[in-house]
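Some notes on the structure that comes next.
A short reminder: the numbers here are calculations on the coordinates, not readings from a lab. Note that the structure is a prediction, hence the values are computed from the model and not measured. As a convention, Cβ positions derive from the backbone with ideal geometry for all residues, glycine included, and neighbour counts pool all protein chains shown.
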Amino acid sequence: MPLRWGGEKARIAVIAGDGIGKEVTPEAVKVLRAVTAPAKRPLEFVEFDWGADRYLKDGVSLPAGAVEMLRDEFDAILFGALGDPRVPSNQHAADILLGLRFKLDLYVNARPVELLDERLTPLRNRTEKDIRMVVFRENTEGLYVGVGGFFKKGTADEIAVQEDVNSRKGVERIIRYSYDYAREHGLKRVCMSDKSNAMTFAHDLWQRVFKEVRQEYPKIESRHLYIDTLAMEMVRDPAQFDVIVTCNLFGDIVSDLGAQLAGGLGLAPSANIHPGRTSLFEPVHGSAPNIAGKGIANPFGAVLASAMMLDFLGWKQEAQVLREAVRAALRENFVTPELGGVKQTVEVGDWLAKFAGKVR
């Protein structure tokens, strides 16, 4: 078993995956080594070749015993991206990423929405203080569990059914996690979003659980918005939100909306967490096959996801240094073409590593 959270050593499984995941993940590892070296906090990285290449070669997506190994032998998983046009079904991606989320019971999907430089937002007259929130998405239930099927597939009478699965346990634990996070970080507002006016069974459960749990946190302002209203309000006035909690599908959508408000998916990190257990950290941008291999992928999302991983490990100071490094690179315009710069992926990684290694 590894030394667990808050210790002096951590064991990290690295799954770079496909496309630009193979380019940004090594840069994140480089920066992690740099930021932890001065504090003499060793990180042991173990790489796994799970992705399209492996799947096309031998048909293996997630090997037998992989979940148990990750659960028992690693502190965290640093993930790149999955998706390859050579696998049109993306079956390997579903097997690996969704498989790990479900089988490791990573019920918290955390997506911080933070504007790091005001020039990056598409909103007019907004500053860094106006766009700073976190979206918590229930990560193991809802419409993504794959319950459903086809009837008369491929015919004019075809019927497709997709079931929305919500359990009392699943709803309560993500709502409670959101309130605990707000309290721990001194945040004053939690907004729960659903569509209970139309989804009168599944989201009635969300309504009832929310009303019960909120009573336990009287010092935190509790609010409910239907998901369509939430999306509009995030654009109109993002400063009104601190913590948002919602279901799997809606969280997927509004967290991407939030990422765009903060400068785009290239700057967006995420965490898939089960408190006290091995958890997974990844950038949001996907494998981007159209730019893969060109050396221009933005590593900021992977580095910011690495900062979330360090927070999870209890290494708060090092996590903050990584965030400061990204902010500094943005100020200096030491960025890839996506953000208007001319630098290569490796150049940006080197710059961040140099910054992270000397800041204390």
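The table that follows gives values for the structure above.
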| read-out | value |
| --- | --- |
| Spin-label pair Ala328/Ala198, simplified geometry with 7 Å Cα→Cβ offset, distance in nm | 4.8 nm |
| Eligible lysines near Lys219 by straight Cα distance, threshold 17 Å, same-chain separation 8 or greater | Lys188, Lys211 |
| Cα centre as origin, Lys/Arg/Asp/Glu Cβ charges: the chain dipole, Debye | 920 debye |
| Charge dipole magnitude, Cβ of K and R +1, D and E -1 - the stretch 58-161, Cα centre, debye nearest 20 | 480 debye |
| Antiparallel bridge percentage (DSSP; both residues within the stretch 1-151; nearest 5) | 40 percent |
| Lysines with Cα under 19 Å of Lys30, excluding same-chain neighbours fewer than 8 positions away | Lys9, Lys22, Lys40, Lys316, Lys343, Lys354, Lys358 |
| Set of lysines with alpha-carbon distance to Lys153 below 18 Å, sequence-local pairs under 8 removed | none |
| Two-site FRET efficiency, Glu184 against Phe150, from Cβ-Cβ distance with R₀ of 35 Å, rounded to 0.05 | 0.20 |
| Positive-end residue of Ser178, Gly154, Ser167, charge dipole of the stretch 145-197 with Cβ unit charges | Ser178 |
| Residues Lys219 and Ser89, FRET efficiency given R0 of 45 Å [Cβ-Cβ distance, rounded to 0.05] | 0.40 |
| Length added when fully stretched, Lys354-Arg208, from 0.36 nm per residue minus Cα-Cα | 47.5 nm |
